[in-house]
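Asker: Below is one structure. I have some questions about it.
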Amino acid sequence: MSGTAAVAVLLWLTAVPAAGQGPVAVGPSAAATYTPPRTPWGDPDLQGSFTNNDENGIPLERPDDLKASRLEEVSPEELARLREEREEQRVERAPLLGVLPGSNPVHWFEHFGAKNSRAWLLVDPPDGKVPPMTSEAQARPRVRGGSSFGNGPFNSTLDFSLYDRCITRGVPGSMMPGIYGNAYEIVQTPDSVAIRYEMIHETRIIPLDGRPRLGDAVRQYMGDARGHWDGNTLVVETTNFTDKTHFGYNNQYNSEKYKLTERFTPIAPNRLQWQVTLDDPDVWTRPWSFTMPLTRNDSEPIFEYACHEGNLGLEHILSAARAEEQAARGR
């Protein structure tokens, strides 16, 4: 995996090019006006290939320099200004992402031309700011290796994040837009829903049949998900996370008390509204939520993501670090 790929995990919190459409309607009013198709067994049909390329670069939190304190207060002029600024920042950042002659191929950078739908993502707390961390969380170390290769130390594989090691981006990180690999496929059966993620090629199986959860002693990188229908909305509640994954925000590990609640609501023939609530009392002083649309695009199905824990990238980085240390001792 290249350094460029490793940078992608944080790009959903940074600015990228944006132009075109205004805010997408969200919430009950949007869902109430649309009746989704049904599967042969009667559930709302959410199946297909989706992308959130156009949401790339929207900051999680409300920018401090905005006059608006609520998303609905952002004027079209203000949103246009934000898009222009994000375009400028994209141009400035392009060389850092390998967008140079003879470097990484341009087709990697799917987020170019993103048509951001809103000014920021967070919807609760209403002020658009992530709640404070607990004192215990502030004392904990941040994600080892961060989300890019950086400057080390490179003493073992444990100095790299799980993403750098091609293991997982966790959740909700696996569905946050990066510079590429932003395809997601939803498949349904009468008793389960599967969500496939292009980047890191993971699949979540979400039972709908009311089966018991895993025991508390069983912990998984992607947690233990259970789903049910609330009208036309698929509600997914996930627990049993390990404390070795992180939220994708501020490089902060979650605890084993972490609970993730997602709501997938069809609001148009080609659009799902994805709302996420993160609740971890050991890390945050209160739960918080963000939302973004997922756009159906069956012309861009999931592509092979050739990244796996056994590739040679980390081996080469570690051997290069040892070579540099040996050279330094010889000077």
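Asker: In region 253-331, which GluC sites (Glu not before Pro) fall in coil by DSSP and have 13 or fewer other Cβ atoms within 10 Å? Display every interim value, and only then the final one.
Answerer: On the way: sites: Glu256, Glu262, Glu304, Glu309, Glu315, Glu324, Glu325; in loops: Glu256, Glu304, Glu309.
Loop-located and lightly packed - Glu304, Glu309.
Asker: Would you list the P(r) distribution for region 200-331, with all Cα-Cα distances sorted into 10 Å bins from 0 and each bin expressed as a whole %?
Answerer: Distribution as computed: 10, 27, 31, 18, 9, 4, 1 percent.
Asker: Amide H neighbours of Ser192 under 5 Å, at least 5 residues apart or on other chains, H built in the peptide plane: list them.
Answerer: Leu208
Asker: Under a straight-distance cross-link criterion of Cα-Cα below 28 Å, which lysines are reachable from Lys257, leaving out those fewer than 8 residues away in the same chain?
Answerer: Lys129, Lys244
Asker: Please list, in chain and number order, the residues 5+ apart from Asp224 or on another chain whose amide H is under 5 Å from its amide H, with Hs placed from the backbone.
Answerer: Amide H neighbours of Asp224: Thr239, Asn240, Phe241.
Asker: Based on other C-beta atoms within 10 Å, arrange Tyr253, Tyr221 from fewest to most.
Answerer: Working: Tyr253 21, Tyr221 16.
In increasing order of surrounding Cβ atoms, one gets Tyr221, Tyr253.
Asker: Turning to a different aspect of this structure: Could you give each residue of region 235-243 its phi-based ³J(HN,Hα) in whole Hz, using Karplus coefficients 6.51, -1.76, 1.60 with θ = phi - 60°, and x for Gly or Pro?
Answerer: With coefficients 6.51, -1.76 and 1.60, one gets 9, 10, 10, 10, 9, 6, 6, 7, 9 Hz.
Asker: Loop-only check: which trypsin sites (Lys or Arg not before Pro) in region 213-319 are DSSP coil with at most 15 other Cβ within 10 angstrom? Walk me through the numbers on the way to the answer.
Answerer: On the way: sites: Arg213, Arg219, Arg226, Lys244, Lys257, Lys259, Arg263, Arg271, Arg296; in loops: Arg213, Arg219, Lys244, Lys257.
Passing both the DSSP loop test and the Cβ count: Arg213, Lys257.
Asker: Provide the packing ranking of 179-189, 159-169, i.e. peptides ordered by the mean count of other C-beta atoms within 10 Å per residue, highest first. Write down the numbers at each step before the final one.
Answerer: Working: 179-189: 20.4, 159-169: 23.4.
Ranked by mean Cβ neighbours within 10 Å, highest first: 159-169, 179-189.
Asker: Now for a separate question. Need one number: nm distance between label points at Ala217 and Asn155, each 7 Å from Cα along Cα→Cβ, rounded to one decimal.
Answerer: It works out to 3.2 nm between the two label points.
Asker: Let me ask something additional. Averaging over every viewing direction, what projected area does the convex hull of the Cα atoms of region 150-199 cover, in nm²? Walk me through the intermediate numbers first.
Answerer: Working: hull surface 18.5 nm².
With the hull built on Cα positions only, its mean projection is 4.6 nm².
Every number here is computed from the coordinates shown, using simple stated rules; none is lab data. Every value quoted in this text rests on a predicted model; they were computed, and no experiment measured them. When we count neighbours, we look across all protein chains shown, and the Cβ atoms used for this are built from the backbone with ideal geometry, even at glycine.
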